[in-house]
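In what follows, a structure is listed as structure tokens, so that the remarks can point back to it.
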Amino acid sequence: MSTVEETAEVSRSGEPSLWSRLKTNRNWLAIWFMLPAAIFLILFLAWPLILGIWLSFTDARLARPGQFVGFENYEWLWDDSIFWLSVFNTLLYTIVASAIKFAVGLYLALLLNRHMPFKAIIRSVVLIPFIVPTVLSAIAFWWIYDAQFSIISWSLRQMGLIQENINFLGDGNWARGSLIFANIWRGVPFVAITLLAGLQTVSPSLYEAATLDGASAWQRFRYVTYPLLTPIIAVVMTFSVLFTFTDFQLIWAMTRGGPVNATHLMATLSYQRGILSGRLGEGAAIATAMIPFLLAAIMISWFGLQRRKWQHGEGND
Amino acid sequence: MASVQIRDVRKSFGDVEILHGVSVPIEDGQFVVLVGPSGCGKSTLLRMLAGLENITSGTISIGGRVVNKVHPKERDIAMVFQNYALYPHMTVAKNMGFSLMLRGASKSEIGERVNKAANILGLTPLLERYPRQLSGGQRQRVAMGRAIVRDPQVFLFDEPLSNLDAKLRVAMRTEIKELHQRLKTTTVYVTHDQIEAMTMADKIVVMHDGIIEQMGAPLDLYDRPANQFVAGFIGSPAMNFLDGKLQANGSAYVETAQGQKLPLKTMPQGEGGRDVVYGIRPEHFEMGEGGLPAEVVVVEPTGSETQIVARIGNQEVIAVFRERQSVKPGDKISLRPRADAAHLFAKDTGKRI
């Protein structure tokens, strides 16, 4: 109350009024500009997340509001070998696919960064796997991996390398490998194009200086390219890991978690238990169990993303 | 240290030839400046010397060895880039020691040589900083440090001062020259700034459109420019050029279209009545009776001297005087060119007469 009175007094003495000061206050304005987006995010992201976590502490089923059951769902999961299999699958899927995506993506980026004929066309061709809808590419892979009509099996048979068709999606380990390959195929363009963008920010004169300093091609990569690329590698790999860890579409379209749960990821298992079987509480618990892993991945990249000392701006120590 | 021989070097990018046969002999320990307007091919020539560009034809030899096919790192040269090209993720010490590390030198040797170079350049307190934490002049010095740590046969500088402010540029100019006098390493320095060329070089190579216009000691180029291009390029403010016809009537002079007589000391050989360009440097005008009637257009006092832009007939000229002048725009003055300091160029070829 007293502040209002004070302001009023001040305004009478010729100072700008509270309102006109607020109008020009950047922080105050910023709040208003951010508010719509913030409400949207809270309503459609944060609130469902909280609801999901809450759901995991209930025994809710489809069409039946649940009772609070504490950690019962998690206790069930703890003793559930299929859940642990899905955790193992998810980690395997994420680690292997991300590592290969990084290696292949970096290699492609370095290749595309060279001067070569038809560079623009080749760059757009590389992007194709990324722009094809996931389900469409899943169906394509489904045919490629088909037990009877697989083109890979057919080709290998024609070459006389195998006698029988490979059961790509019917055998546990083959199915895992096949899915990882399909995921890599889809994910490499994103990594490659992002790293290419990073490579293009490196001044060519640094390479010239390094060449004159006596660096070989490998040493130029090791001592110039790679260290300058680390910030962007941290960003792109964080996204890549998050996308791979939460992958659902590709698996669901191709194997639905089979054979014998060999390709169930946490996301697909959660969907199967929660939606298809209707045990919402249990499905929510599986989904919630992904959060610590995702947080860990984010933390790792957070520290990886910390601005390195050499990136700090002007200014002396 | 080594001598460098550039013999009839040509360079084409696709169908476009940008260096049309350039030959420059460089003696051991010489400081040679390649100077010319942008696009004249000077930077390309330097990059060919460094091995960053292929040589289309001709030969470049360093220390008697033809290096056309020698990889840059085997040429034993060090280059300072216009944008410094410091590795942003390495400290000053690491930047300077990088080439030694690649060569597999021991830690103690690297430390010793880096410290020595840092000492020469006054970089010792900055060794643990990153390039971003340095000012322009300090970065420039680190780039030079990186070059001298290697103790190469030849230093190459590619417009190293053009990113610095005017005051720092003058200071660094002196520093580079001092460094050269101390190390006596053969140096090839590229710039578009003729003042840098004049002040630093043992030998200036003036380039224009892919050819060498003139080569020689700075003052020789200043006193006896071989053609109108060099005459106009070397010296600041630039030389004045007045068109006229060569005449001899008792004494030698050049008569302009308006009938003004520009004095000459001696009559050059050849016919009278020939179309020529009369060149006179701004500092070779004298104020006083019996000169050319001129109207003052602009007066530019710099403190140490006074520049006067004046109109003689329909041509503008610049005159520079050491003394202060109390003239105003619009004043009528009389400018007398010093006959002994006049230059004559053929109107058609631009060559010195």
### Summary
Every listed condition ((1) under 23 Å from A:F57 (Cβ atoms); (2) of a type in the set (S, T, Y); (3) in contact (Cβ under 8 Å) with a residue 60 or more places away in the chain) holds for A:S240 save (1)
### Query
Can A:R186 be described as within 30 Å of A:I251 (Cβ to Cβ) and in a helix (DSSP H, G or I)?
yes
### Message
Of the residues A:S216, A:S205, only one is over 16 Å from A:L92 (Cβ atoms), surrounded by fewer than 16 Cβ atoms within 10 Å (Cβ to Cβ) and in the same structural domain as A:W154 (by TED's automatic domain parsing); which?
### Response
A:S216
#### Entry: Failed criterion for B:V149 (all others in (1) free of Cβ contacts under 8 Å to residues at least 60 places away in the same chain; (2) surrounded by fewer than 19 Cβ atoms within 10 Å (Cβ to Cβ) hold)
(2)
### Message
Could you check the stretch A:179-195 and list, in sequence order, the residues that are closer than 15 Å to A:Y93 by Cα and in contact (Cβ under 8 Å) with a residue 60 or more places away in the chain?
### Response
A:L179, A:I180, A:A182, A:N183, A:I184, A:R186, A:G187, A:V188
## Note on the structure
Residue hits (the stretch B:132-144; more than 11 Å from every other protein chain (Cβ to nearest Cβ) and under 19 Å from B:A78 (Cβ atoms)) are B:R139, B:Q140, B:R141, B:V142, B:M144
### Message
If I filter the stretch A:107-146 down to residues being farther than 22 Å from A:I184 by Cβ and of a type outside the set (V, I, T), which single residue comes out as surrounded by the most Cβ atoms within 10 Å (Cβ to Cβ)?
### Response
A:K119
#### Entry: Residues being within 13 Å of another protein chain (Cβ to nearest Cβ), over 24 Å from B:L164 (Cβ atoms) and either within 24 Å of the chain's Cα centre (by Cα) or part of a strand (DSSP E or B) (or both) - total across the stretch B:57-100
0
#### Entry: Filtered residues of the stretch A:159-174 (kept if assigned to a loop (DSSP other than H, G, I, E, B) and either within 24 Å of A:N261 (Cα to Cα) or touching a helix residue (DSSP H, G or I) at 6+ places or on another chain (Cβ under 6 Å) (or both))
A:I162, A:N165, A:I166, A:N167, A:F168, A:L169, A:G170, A:D171
### Whichever residue in the stretch B:101-119 is surrounded by fewer than 18 Cβ atoms within 10 Å (Cβ to Cβ) and within 33 Å of the chain's Cα centre (by Cα) and, among such residues, is nearest to A:L228 (Cα to Cα)
B:N115
### Query
Across the stretch A:200-215, what is the total count of residues that are within 8 Å of chain B (Cβ to nearest Cβ) and closer than 17 Å to B:H71 by Cβ?
8
### Query
Among the numbered criteria (1) touching a residue at least 60 places away in the same chain (Cβ under 8 Å); (2) surrounded by fewer than 16 Cβ atoms within 10 Å (Cβ to Cβ); (3) out of contact with any Ser or Thr (no Cβ under 9 Å at 6 or more places or on another chain), which single criterion is violated by B:D243?
(3)
## Note on the structure
Of (1) within 30 Å of B:N163 (Cβ to Cβ); (2) surrounded by 17 or more Cβ atoms within 10 Å (Cβ to Cβ); (3) away from chain A (no Cβ under 14 Å); (4) of a type outside the set (D, E, K, R), B:S3 satisfies every one except (1)
### Task
Go through the stretch B:159-175 and give me each residue that's surrounded by fewer than 24 Cβ atoms within 10 Å (Cβ to Cβ) and out of contact with any Asp or Glu (no Cβ under 9 Å at 6 or more places or on another chain).
B:N163, B:L164, B:D165, B:A166, B:K167, B:L168, B:V170, B:A171, B:M172, B:T174, B:E175
### Filter pass, A:A192 being in the same structural domain as A:V125 (by TED's automatic domain parsing), farther than 19 Å from A:A109 by Cα and at pLDDT 90 or above
no
### Task
Quick one: count up the residues across the stretch B:299-331 that are of a type outside the set (V, I, T), under 14 Å from B:M287 (Cβ atoms) and assigned to a strand (DSSP E or B).
4
### Query
Given the residues B:Y130, B:Y84, which is the only one that is in the same structural domain as B:D193 (by TED's automatic domain parsing) and on the phi > 0 side of the Ramachandran plot?
B:Y84
## Note on the structure
Listed by first then second residue, the pairs whose first member lies in the stretch A:219-234 and is touching a residue at least 24 places away in the same chain (Cβ under 8 Å) and at the interface with another protein chain (Cβ under 7 Å from one of its Cβ atoms), whose partner is aromatic (F, W, Y) and buried (at least 16 other Cβ atoms within 10 Å of the Cβ), with beta carbons under 9 Å and at least 6 positions apart or on separate chains, are A:L228/B:Y87
### Message
Against the definition (in the same structural domain as B:K245 (by TED's automatic domain parsing), closer than 17 Å to B:P237 by Cα, polar (S, T, N, Q) and exposed (fewer than 14 other Cβ atoms within 10 Å of the Cβ)), how does B:T302 come out, yes or no?
### Response
yes
### Query
With (1) more than 29 Å from B:Q194 (Cα to Cα); (2) without any contact (Cβ under 8 Å) to a residue 24 or more places away in the chain as the list, and B:G303 as the residue in question, which single condition is left unmet?
(1)
### Message
Among the listed residues B:R129, B:R113, identify the single one that is within 11 Å of chain A (Cβ to nearest Cβ) and at pLDDT 90 or above.
### Response
B:R129
### Task
Filter the stretch A:92-101 for residues that are closer than 16 Å to A:T238 by Cα and in contact (Cβ under 8 Å) with a residue 40 or more places away in the chain and give the result.
A:Y93, A:T94, A:V96, A:A97, A:S98, A:I100, A:K101
## Note on the structure
Selection over the stretch B:153-207 where residues are under 17 Å from B:A2 (Cβ atoms) and in contact with a strand residue (DSSP E or B) (Cβ under 9 Å, 6 or more places away or on another chain) yields a count of 14
### Message
Residue under question is B:A248, and the condition is that it be under 34 Å from the mean Cα position of the chain (by Cα) and at pLDDT below 85; does it hold?
### Response
no
### Query
Among the helices (runs of 4 or more DSSP H) contained in the stretch B:123-205, which hold 2 or more residues that are touching a Phe, Trp or Tyr at 6+ places or on another chain (Cβ under 7 Å) and closer than 16 Å to B:N95 by Cα?
B:136-149
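The values are calculated or read from the model by the stated rules, or taken from the named source; none is laboratory data. For clarity, every value in this text was computed on a predicted model and none was experimentally measured. Because the Cβ atoms are built from the backbone with ideal geometry, glycine has one as well, and the counts that use them run over all protein chains shown.
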